[in-house]
Amino acid sequence: MAQNRCNRDAAFQILVKASSYRNIKLKEVAAIIISGIGGEREFPTTYDE
């Protein structure tokens, strides 16, 4: 919400889209974001070749 300066509904939709795009559960997307903010792990990247 802080990064995208949006309300909670818009932030949730961002999580839903990220979950769908990466084909992982929404709670895993949220965990990746939270752990990335805390510096615990890097965000996974996807490359289309």
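Structure data summary
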quantity	calculated
Segment residue 30-residue 4, extension gain: residue separation times 0.36 nm, minus the distance between their alpha carbons	7.9 nm
Spin-label model distance (nm) - residue 37 vs residue 15, 7 Å beyond Cα toward Cβ	1.0 nm
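None of the figures in this text is laboratory data; all of them are computed from the coordinates on show. Small disclaimer: the values here were computed from a predicted structure and weren't measured. Cβ coordinates were reconstructed from backbone atoms using ideal geometry, including for glycine residues, and neighbour counts include every protein chain displayed.
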